[in-house]
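Okay, so here's the structure we're looking at.
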Amino acid sequence: MKIRLISSLSLVMAMMMCMPQLHAAEARTLVAYYSFTGNVRTIVNQLSQQLDADVIEIEPAEEGLDYAANNYAIGSALIGGIREHPDDPSSYPAIKPVRIDLSNYDNIIVAAPLWWSQMAAPMQSFLFQYGSMMQDKNISLIVSSASSGISGVVSDAKRLIPRGRFINDNLWIRSSQTSQAATLVAQWLGGLTLDEPSSDSDMRIRVSDGTHTVVFALNETSAAQSLYDMLPLSVEVNNYGNNEKIFYPPTTITFGDDCIEGDCPAGTLALFSPWDNVVMYYGAASRYSGLYILGTAIEGAEAIGSLSGTITVEKVTATSPIKGDVNADGKVDVSDVNEVINIILKV
Ligand SMILES: Cc1cc2nc3c(=O)[nH]c(=O)nc-3n(C[C@H](O)[C@H](O)[C@H](O)COP(=O)(O)O)c2cc1C
């Protein structure tokens, strides 16, 4: 799906009123922005004239704070607090309540200033609250900074939206370029394609102990690719705690800064990087530092807890279809049952 370039007067008016509100329930793109000195607001104002989207402004609960005073003392303290304890809700400054139904959106554009090379604290607060609900949404970033590069902001977004589909085509506008925002936004939108991006890759793997079989869809991270590249494997699986089956690949899984941290519901495949082992969850686990999500079970998740002994871990390819996937659509579901019924009825 290509972003639609149409203007929306109601959105512009809402922006001018600076009210956190949503419009047009049918719209599928949400722009969530925070701005302290107005640069990001100017950029989003231009964006909303060129893009059919709902816009919401994130506002700190405490009004009138000067984050830049005393050599950016307040802003610096907030960012420092989040850096030290990113999993602690009390690290994040309170924001005004936001009324939003994320299920209305496929695409979310997060627009924020850069503070001390990180995402401005109030936007981090918003994503800390809502990021886990942005699973499978297409995520793009717009960042305004005086001069610093935006990689720290991108990392914050990936940490706070652990299962977002990051488009990796972010717009960085320096504060000195704010007056050119209309042109820069138009250029960015012109090249921005949200065509079927996916955090899921084509990589599928089958894990089996000969009796129990689980198929996982891997995500597009470097860690998942690293595991995929070392297949097939034959390794021992062990139980850990009362929610994990783990195995140790013969060589270390490598990973980059694209890793996804987040809560791990049952069925999650993950790398526990401190121990270099792969974890298959049959019970839920919380986000943990260095625990990187590799994928999700798409078949046989209920069998994870029964895996034992020596397991084979292999790629699922076109020549090794998924067991039960009668119509070869990559899934085992009711359509396969229908396919079997049709076959029987035709006979
Ligand atoms: C607390 C704070 C910290 C900042 N830290 C940086 C920084 O490390 N590097 C940088 O290039 N700009 C930094 N800036 C500048 C802002 O990123 C820049 O002015 C941006 O355009 C502000 O956007 P806004 O007007 O929407 O708030 C900082 C600004 C504040 C308030």
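See the values below:
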item: Checklist (1) in contact with a Gly (Cβ under 8 Å, 6 or more places away or on another chain); (2) among the hydroxyl-bearing types (S, T, Y); (3) free of Cβ contacts under 8 Å to residues at least 40 places away in the same chain applied to T183, failing item; result: (1)
item: Some residue of region 230-251 being at pLDDT below 90 and not hydroxyl-bearing (S, T, Y); result: no
item: Failed item in (1) within 10 Å of the ligand (Cβ to nearest atom); (2) open to solvent by 10 Å² or more (accessible area, probe 1.4 Å), with R159 passing the rest; result: (1)
item: Top-ranked residue of region 82-91 - restricted to ones that are crowded, with 16+ Cβ neighbours inside 10 Å and under 15 Å from S117 (Cβ atoms), ranked as nearest to the ligand (Cβ to nearest atom); result: I82
item: Residues that are within 16 Å of D156 (Cα to Cα) and under 19 Å from the mean Cα position of the chain (by Cα), drawn from region 90-110; result: I108, I109, V110
item: Filter result (open to solvent by 20 Å² or more (accessible area, probe 1.4 Å) and touching a residue at least 60 places away in the same chain (Cβ under 8 Å)) within region 298-309; result: I298, E299, A301, G305, S306, S308, G309
item: Counted residues, region 131-149 - those being free of Cβ contacts under 8 Å to residues at least 60 places away in the same chain and either touching a helix residue (DSSP H, G or I) at 6+ places or on another chain (Cβ under 8 Å) or within 18 Å of L30 (Cα to Cα) (or both); result: 12
item: Scope region 289-300; condition in a loop (DSSP other than H, G, I, E, B) and over 20 Å from I161 (Cα atoms); matching residues; result: G300
item: Tally, over region 92-128, of residues that are surrounded by fewer than 22 Cβ atoms within 10 Å (Cβ to Cβ), within 20 Å of V55 (Cβ to Cβ) and of a type in the set (S, T, Y); result: 2
item: Selection from region 50-78 of residues that are open to solvent by 30 Å² or more (accessible area, probe 1.4 Å) and touching a residue at least 60 places away in the same chain (Cβ under 8 Å); result: Q50, E59
item: Residue that is most open to solvent (accessible area, probe 1.4 Å) [pool: residues in region 235-288 that are part of a loop (DSSP other than H, G, I, E, B) and among the hydroxyl-bearing types (S, T, Y)]; result: Y288
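The rows are residues; the columns are (1) outside the structural domain of A303 (by TED's automatic domain parsing); (2) closer than 19 Å to A270 by Cβ; (3) away from the ligand (no atom under 16 Å from the Cβ).
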position: V153; (1), (2), (3): yes, no, no
position: R163; (1), (2), (3): yes, yes, yes
position: Q177; (1), (2), (3): yes, no, no
position: A181; (1), (2), (3): yes, no, no
position: Y228; (1), (2), (3): no, yes, yes
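The values are calculated or read from the model by the stated rules, or taken from the named source; none is laboratory data. For clarity, every value in this text was computed on a predicted model and none was experimentally measured. Note that we place each Cβ from the backbone using ideal geometry, even for glycine, and neighbour counts take in every protein chain shown. For accessibility, only protein heavy atoms count, side chains too; no ligands or nucleic acids. Shrake-Rupley method; radii C 1.70, N 1.55, O 1.52, S 1.80 Å.
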